[in-house]
Structures are given as structure tokens and as C-alpha cells.
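*Asks:* Quick one: the structure is below, questions incoming.
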Amino acid sequence: MYKLSGVTKRYSRGKDTVDALRGVDLVIEDGDQLVIQGPTGGGKSTLLQMLGGLDRPTEGSVELDGTDLARLSEARLTKVRSQNIGIIFQSFNLIPTLTAQENVETALVPLGVRASERRTRAAEALASVGLGDRLHHLPGELSGGQQQRVAIARALVKRPKVLLADEPTGALDEGTRDEILALLDGLWKEYGLTFVMVTHDSAIARRATRVATIKKGRVTVTERTPAA
Ligand SMILES: Nc1ncnc2c1ncn2[C@@H]1O[C@H](COP(=O)(O)OP(=O)(O)OP(=O)(O)O)[C@@H](O)[C@H]1O
């Protein structure tokens, strides 16, 4: 479970300061799905970075299962991230010189998994996202949707409890977008993930049951029963 209390993030550049988050309080229960939406510059990506332990708040606490990520040493934070948190991005962030299988294996290196087991688990993860026949392709030989599937396999191969997604369909056409969303929805349910997704897309937000809207660094949460 995530529990954010009074999270403020202030970016300073010379005399200019931007409060990207202003006193955010937010609870995300285990196994929940939360969609984060809001206008550009509102603080969506900043909030996701706090949840992912990719950056620290200026004030406040970001507890994951009772551990405050804001106060962990860099080494312990890296360990929490590599074991518990999978992250995917709009631009896939694959390593262009590695094959799909090698890209997925990279997530298991910090966990000390043996090379032979890394290969097997990466192949299984790629099969679970429908890419069992693309193990040895380089990212440049795959479509955008396939590259995002590789990134999803890389995020999930370590069996994290949390999946964070920053505009995961932002670079995809509409048909591919719907395929990736359906895949993510299926994986969320199958693995009981805590799933947080940032999106600009109001159609995605309309389908969600729990939406956090963030404007000028302040969050409002709306819960609703999805349309049948
Ligand atoms: N590293 C940084 N240094 C300085 N200011 C930053 C930095 N990162 C973000 N900001 C500022 O913080 C505010 C929130 O940015 P953030 O990227 O979280 O918004 P967003 O809602 O994700 O926007 P978008 O939808 O355009 O991606 C913006 O005003 C942005 O300019």
C-alpha cells in the first residue's frame, strides 16, 4: 500500500522555483488501479517519479508498505525499485543494441538471478505479452506496440507488486493503444498488481474506476462505477 502525506516537490533553477506538487495526500491500496490525469505541467510525471522512488520529495513522506521511500539511502532505494516496482514509459526506453530477450533480462541482473534462469524467465515474460516469436529481434526491428510489449515484459519479469506507467500509449496509434491497454488490464488482474497509470487521454480516464486529477500540484481523487 502507498501512503503519501504532505508531499511537496519544489524544483529550483537559480531564483526561479516551481512547486510541481503541493502538499499531496494520497492512499493507493494493494491491487488497486489508479489513473492520474490532468493538464500539461500539472505534476503527473513528478507524482509518478515519487511513487517510483526515482526522485525524492522536498517535503512529506512516500510510504510503500510502511517504508518511507523519501528517507531511504540511495542503495536501499535502488533495491526496493529493482525488486518491487516495474515502470514503463511513453518512449519505451529499450536499449537499442540488445535483443528483446536481452532487454528483459537486464531487469533480473540487479536481483542476482543466474544467467540461465534469466534467459528462461525473460523468454516466459515475452511469451506472456505475446512476443514469444520475437525473442531475438532488436528494438529497431519491432513495431511501436511490440516495443512497448518488450518494456512491459521487462517491467514484470522481476514479479514486482507495483506497476507504474507514464503515458504508456502516448506514442502509439489508436488501435495499438487499445491492444496495450487491454494487455495491461489483463496483467493487472492476473498478477494482482498495484497499477498506477499517467495519461493525457480522457477516453482512458473515463473508463477508470479511480482517477486522481492533478492540477497545479494539487490532487483530487474521484471514484466511480465504470460504465457497463
Ligand atoms: N527537473 C525539473 N526541473 C525544473 N522544473 C521541472 C522539472 N521537472 C518538472 N518540472 C516542472 O514541474 C511542473 C510539473 O511537471 P510534470 O512533468 O510533473 O507535469 P506533467 O503533468 O507530467 O506534464 P505533461 O503532461 O506535460 O507531461 C512543470 O511546471 C515543470 O516545468
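*Asks:* Yes or no: residue 104 in contact with a helix residue (DSSP H, G or I) (Cβ under 8 Å, 6 or more places away or on another chain), open to solvent by 40 Å² or more (accessible area, probe 1.4 Å), under 21 Å from residue 53 (Cα atoms) and in a helix (DSSP H, G or I)?
*Replies:* The answer is no for residue 104.
*Asks:* Show me the strands (runs of 3 or more DSSP E) entirely contained within segment 1-98 in which 1 or more residues are in contact with a Gly (Cβ under 7 Å, 6 or more places away or on another chain), open to solvent by less than 20 Å² (accessible area, probe 1.4 Å) and closer than 13 Å to residue 164 by Cα.
*Replies:* 85-89
*Asks:* Residue 122: buried (at least 21 other Cβ atoms within 10 Å of the Cβ), at pLDDT 95 or above and assigned to a helix (DSSP H, G or I), yes or no?
*Replies:* Yes: the conditions hold for residue 122.
*Asks:* Kindly establish whether residue 116 is more than 27 Å from residue 219 (Cβ to Cβ) and not basic (Lys, Arg).
*Replies:* Yes; evaluated as a whole, the condition is true for this residue.
*Asks:* Looking at residue 151, is it buried (at least 19 other Cβ atoms within 10 Å of the Cβ), under 22 Å from residue 51 (Cα atoms), at pLDDT 95 or above and among the small types (Gly, Ala, Ser)?
*Replies:* It is true that residue 151 is buried (at least 19 other Cβ atoms within 10 Å of the Cβ), under 22 Å from residue 51 (Cα atoms), at pLDDT 95 or above and among the small types (Gly, Ala, Ser).
*Asks:* Follow-up question, since we're still on this one. With the structure loaded, tell me whether residue 156 is aliphatic (A, V, I, L, M) and under 20 Å from residue 189 (Cα atoms) or whether it fails that test.
*Replies:* Yes: the conditions hold for residue 156.
*Asks:* Select from segment 21-77 the residues that are polar (S, T, N, Q), within 15 Å of the ligand (Cβ to nearest atom) and within 16 Å of residue 7 (Cα to Cα) and list them in ascending order.
*Replies:* 45, 46, 49, 58
*Asks:* Still on this structure, please answer the following. Which one of the conditions (1) at positive phi; (2) open to solvent by 60 Å² or more (accessible area, probe 1.4 Å) does residue 109 fail to meet, given that it meets all the rest?
*Replies:* Just one mismatch for residue 109, condition (1).
*Asks:* Here's a follow-up. Looking at residue 144, is it touching a residue at least 24 places away in the same chain (Cβ under 8 Å) and either open to solvent by less than 30 Å² (accessible area, probe 1.4 Å) or more than 27 Å from residue 65 (Cα to Cα) (or both)?
*Replies:* yes
The values are calculated or read from the model by the stated rules, or taken from the named source; none is laboratory data. All figures in this text were calculated on a predicted structure; none of them were measured in a lab. Note that we place each Cβ from the backbone using ideal geometry, even for glycine, and neighbour counts take in every protein chain shown. Side chains included, ligands, DNA and RNA excluded: accessible areas come from the protein's heavy atoms. Shrake-Rupley method; radii C 1.70, N 1.55, O 1.52, S 1.80 Å.
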